[in-house]
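Novice: For reference, the structure I am asking about is given below.
Please treat every number below as a calculation from the coordinates, not as lab data. Because the structure is a prediction, the values reported are computed rather than measured. Glycine also receives a Cβ, built like all others from the backbone with ideal geometry; neighbour counts cover every protein chain displayed.
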Amino acid sequence: MTTVTTLGFPRIGARRELKFALESYWRGDTTADALRDTARELRRRHWRLQRDAGADAVPCNDFSLYDHVLDTAFLFDAIPDAYRALADADPLAGYFALARGVQKDGADLRALEMTKWFDTNYHYLVPELHGGQSFRLRGDKPVAEYLEAIADGHVARPVLLGPVSFLLLSKTVDGSDRLALLDRLLPVYAELLSRLKQAGAEWVQIDEPCLVLDLDDDDRAAFLKAYGALAEADRPNLLLATYFGKLGDNLPLAAALPVDGLHLDLVRGLDQLDEVLKVLPKGRVLSAGLVDGRNIWRANLDNALILAKYALGHVGEERLWLAPSCSLLHVPVDATGEKNLSGDLRSWLAFARQKIEELRVLSDALASPRAAEAALADARDRIESRRRSDKVHRAAIASRLAALDGAAAHRASPYPQRRQKQAAALRLPAFPTTTIGSFPQTQAVREARAHHKAGKWSDADYDRFLAEETERCVRFQEEIGLDVLVHGEFERNDMVEYFGEQLDGFAFTRNGWVQSYGSRCVKPPVIYGDVQRPVPMTVRWSQYAQSLTDRPMKGMLTGPVTVLQWSFVRDDQPRAQTCRQIALALRDEVLDLEAAGIGVIQIDEPALREGLPLRRADWQAYLDWAVECFRITASGVADETQVHTHMCYSEFNDIMEAVAAMDADVISIETSRSRMELLEAFAEFRYPNEIGPGVYDIHSPRVPDREEMLALLRKAREVIAPEQLWVNPDCGLKTRAWPETRAALEALVAAARQIRSEVVAVA
Ligand code: GLN
Ligand code: ZN
């Protein structure tokens, strides 16, 4: 029989049990023992769930209280000295200090830096290493969780992050070579493997997702050295797990590593199966990642079965494992509870549990085609109903897209002409001031939304509340003296959800939670069908806000790439196609805003960069369609209408050309933390349009004063022409409180006034 297994399971719990247990512990409401009990209970429940859904073997040590990369660093004692005393005295407190920072009893430790786990929306903590780093085992988490799993009667396989990926995902604080630490790290891995063997583990899964990235010679040499060394260890069998892409040019390397099994992502790397089977040494286990661990759709089991049979023919049933493409960490737990979705949509969904059931059907079908016939037919029906559904496919949208010509992605005139017309229409001072959109989402705002959602407040009650908040926000901005105002976004829960709820083709789950980092979860919208905008989405509040003031009111939209990037996207057409549909829907909104008298419109694209494919060679194709989609959204307006965009990250160097190709009249970016260094990229590129480098770091409650922001503006003026510069915060103010917002914005306006006078004096 083939073996059904998974590479990892969501940890947070179907009802976010771990989140609540963590937060309660952090608040001091519950004890460490209570947190450990919840964690143990979740592991037990998840192993049983996997077994009941049809898994023959389950992963262990895939559980984490916060993050598995942090677990790895902690396990190998790769923790900065400042945290060591705390970690020795109280390991749990030390662990959470690394994850979240502490400011207590004289201790002031910041959290480790957090960054995206490959191209997912999961964030890991970046281990901080240094040239003199030593490693040792701290605690025995992998062994303990293995023993827990077997005590509960499972065939369990400990999961470890592999040594090379661990180092490549870390950073050194002294700029020394991370991979130089490999020699010191390998003996500790070997010791851990031997302990796992003594504990009885037959297999260990060793994750090396970096094998799907562009690697250089040093990286390759590190892989050869690492696995050469681990082969010598007294150890269980090793399953080398790769995922999130195909091996591509790293295939010969992966095949050459002396391990006992290889996991392949056959969802993203479907076309590599044949090649892999050719080079996979005899006797290796092949773990075939046949169902999508990154998305929530039911698999086409007929197609998967063809692949599985093909692989079976080569490796034999003893050596074929069937698995999701990657860890199931990136999908919610169980779709059966989604009772508020329409029946057909629900029948198309596969969360973690359903994915294991699918693999079970495949395994059964390989063993006995007759026995699995009914299940395969059922899967086929679901795929067919989705393929035929008129909720998914709307002819009008397809023909509208097909009719779209190249002109739709171009403004009427080039930027220099638009600039003149906009200057005449808007009559703004030099160094115009504005904000990024949202103003503080206070307790009162969140409560009002909750009351409305729960039916305690009527639409009229809620509208009255929003109108008051919006008016107060407009008056506030006038009083502070900002030049381009915003309405404040009080009506918005989340920048994607707010739009998704009003667009056709989107659905919202009840419990479709996915871990973003630590205890933070997101519930991504599900884009299941062709997208269109039945009625205007934002015009009413923007128009109302504009009616309150003579100053320009900026309309505020989330861009098509960001909406796509932060949703579960349909898998029955290319992402680019779905993105174009969203772009067209948003274009309608842009035009309606313009027609309603809104002369400045901001289209936020904070997620543009994170959509970059893992391999450089694939970047351009992505950037081409991503930029085109932004331009489709933005380009319908007259020259006089000023289009802004906003991106809140600080790495632009390698995508500068694409950012310029978006051709927004004004772009606001995050720069205050990097002290304007990032502006160099714009300066070097000779970025032609206007630019608002953030001068107020809204991620911190700290209030910068006038001098601090002025210093940043002076730095900006050194590299960017004064007539190109805007003055604004780094990002939206929704997480801030009113008093600090007022103080910071007063200082911001004062800094802008000062720099204006300096520039006039020079001229
Ligand atoms: N307009 C949004 C806001 O101000 C932008 C948020 C973001 O960039 N993430 O909240
Ligand atoms: Zn932002």
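Novice: Taking the inverse of the average 1/r across all pairs of different Cα atoms in the range 652-724, what Kirkwood radius in Å do you get?
Specialist: After inverting the pairwise mean of 1/r, the radius is 12.7 Å.
Novice: Taking just the alpha carbons, could you work out the radius of gyration and Dmax for the range 1-56, both in angstroms?
Specialist: So, for the range 1-56, Rg and Dmax equal 13.9, 49 Å respectively.
Novice: Angle check, please: helix 91-100 long axis (alpha carbons) against the longest principal axis of the chain (alpha carbons), in degrees 0 to 90, nearest 10.
Specialist: So the inclination is approximately 40 degrees.
Novice: Would you work out the relative contact order for the range 678-763, in percent, from Cα pairs under 8 angstrom that are 6 or more residues apart?
Specialist: It rounds to 40 percent for the range 678-763.
Novice: Percent relative contact order of the range 432-495, based on C-alpha pairs within less than 8 angstrom and at least six residues apart?
Specialist: In percent, rounded to a whole number, it is 54.
Novice: Another one. Nearest 5 is fine: what % of DSSP beta bridges in the chain come out antiparallel, could you say?
Specialist: Of the beta bridges lying entirely in the chain, close to 20 percent run antiparallel.
Novice: Around Ser542, under 11 Å between beta carbons, what's the net of Lys plus Arg minus Asp minus Glu among the other residues?
Specialist: -3
Novice: Let me ask something else. Over 22 Å apart: what share of the alpha carbon pairs of the range 462-589 falls there, rounded to a whole percent? Could you put the intermediate results ahead of the total?
Specialist: On the way: 3670 of 8128 pairs.
Tail of P(r) above 22 Å: 45 percent of Cα pairs.
Novice: Right, something else. Going by alpha carbons, how many degrees (0 to 90, nearest 10) lie between the helix axis of 373-388 and the longest principal axis of the chain?
Specialist: In the chain, helix 373-388 runs at an angle near 10 degrees to the longest axis.
Novice: Quick one: helix 706-719 against the long Cα principal axis of the chain, what's the angle to the nearest 10°, folded into 0 to 90?
Specialist: In the chain, helix 706-719 runs at an angle near 80 degrees to the longest axis.
Novice: For the chain, what does -39500 (n - 2.57) per DSSP helix run (n ≥ 4), summed and divided by total residues, give at 222 nm, in deg cm²/dmol to the nearest 500?
Specialist: Mean residue ellipticity, 222 nm, calculated: -14000 deg cm²/dmol.
Novice: From the alpha carbon gyration tensor of the range 626-675, can you work out the equivalent ellipsoid semi-axes (sqrt of 5 times each eigenvalue) and give them in Å, largest to smallest?
Specialist: 22, 13, 8
Novice: Would you please give the FRET efficiency between Ala467 and Leu591, computed as 1/(1 + (r/R0)^6) with r the Cβ-Cβ distance and R0 = 22 Å, to the nearest 0.05?
Specialist: My answer for the efficiency is 0.35.
Novice: Hey, if you drop one equal point scatterer on each alpha-carbon of the range 193-306 and run the Debye formula without solvent, what base-10 log of I(q)/I(0) do you get at q = 0.14, 0.22 Å⁻¹?
Specialist: The Cα Debye sum returns log10 ratios of -0.61, -1.25.
Novice: Note down the nm distance, to one decimal, between modelled labels 7 Å out along Cα→Cβ at Arg40 and at Ala743.
Specialist: Using points 7 Å along Cα→Cβ, the separation is 4.7 nm.
Novice: What is the P(r) of the range 313-431, as percent of Cα-Cα pairs per 5 Å bin from 0?
Specialist: So the P(r) values, bin by bin, are 2, 8, 11, 11, 12, 10, 8, 7, 6, 7, 7, 4, 3, 3, 2, 0.
Novice: Output the pairs from Lys339/Lys391; Lys421/Lys554; Lys116/Lys391 with a Cα-Cα distance over 27 Å in this structure; if there are none, say none. Write down the numbers at each step before the final one.
Specialist: Details: Lys339/Lys391 18 Å; Lys421/Lys554 17 Å; Lys116/Lys391 34 Å.
From the list (Lys339/Lys391; Lys421/Lys554; Lys116/Lys391), the Cα-Cα distance tops 27 Å for Lys116/Lys391.
Novice: Now for a separate question. Once the convex hull of the C-alpha atoms of the range 100-249 is built, how many Å³ does it hold per residue, rounded to a whole number?
Specialist: Numbers: hull volume 22.9 nm³, N = 150.
Normalising the Cα hull of the range 100-249 by residue number yields 153 Å³.
Novice: Give the value in nm², to one decimal: projected area of the alpha carbon convex hull of the range 74-123, averaged over all directions. Each step should come with its number before you reach the end.
Specialist: Values: hull surface 15.9 nm².
The Cα convex hull of the range 74-123, projected and averaged over all directions, gives 4.0 nm².
Novice: To continue, here is another question. Hey, if you drop one equal point scatterer on each alpha-carbon of the range 270-372 and run the Debye formula without solvent, what base-10 log of I(q)/I(0) do you get at q = 0.10, 0.18 Å⁻¹?
Specialist: Once normalised to I(0) and log-transformed, intensities are -0.31, -0.87.
Novice: To continue, here is another question. Apply the Kirkwood formula to the chain: the hydrodynamic radius equals the inverse of the mean of 1/r over all pairs of different alpha-carbon atoms; give it in Å with one decimal. Let's see the in-between values first.
Specialist: On the way: mean 1/r = 0.0358 Å⁻¹.
Value: 27.9 Å, from the Cα pair sum.
Novice: Compute the convex hull volume of the Cα atoms of the range 596-712, divide it by the residue count, and report the result per residue in Å³ as a whole number. Could you put the intermediate results ahead of the total?
Specialist: Working: hull volume 15.2 nm³, N = 117.
Residue-normalised Cα hull volume stands at 130 Å³.
Novice: What do the square roots of 5 times the Cα gyration tensor eigenvalues come to for the range 359-511, in whole Å, largest first, as semi-axes of the equivalent ellipsoid?
Specialist: Its equivalent ellipsoid spans semi-axes of 48, 28, 14 Å.
Novice: Using a ≥ b ≥ c from the Cα gyration tensor of the range 19-109 (square roots of the eigenvalues), is it rounded, prolate or oblate, where a/c under 1.5 gives rounded and otherwise the larger of a/b and b/c decides, a/b for prolate?
Specialist: Oblate is the answer for the range 19-109, as a/c is 1.5 or above yet b/c matches or exceeds a/b.
Novice: Below 8 Å between Cα atoms, with a sequence gap of 6+, how large is the relative contact order for the range 240-280 in percent?
Specialist: Over the range 240-280, the number comes to 51 percent.
Novice: Can you pull the three principal axis extents for the Cα set of the range 672-763, in Å, largest first?
Specialist: That works out to 36, 28, 18 Å along the principal axes.
Novice: Can you put Met114, Met1 in order of Cβ neighbours within 10 angstrom, beginning with the fewest?
Specialist: Working: Met114 18, Met1 11.
Taking fewest neighbouring Cβ atoms as first place, the list is Met1, Met114.
Novice: What's the longest piece of the chain with no exposed GluC sites (Glu not before Pro), counting a site as exposed if DSSP puts it in a loop and it has at most 16 other beta carbons within 10 Å?
Specialist: Result, exposed sites excluded: 203-500.
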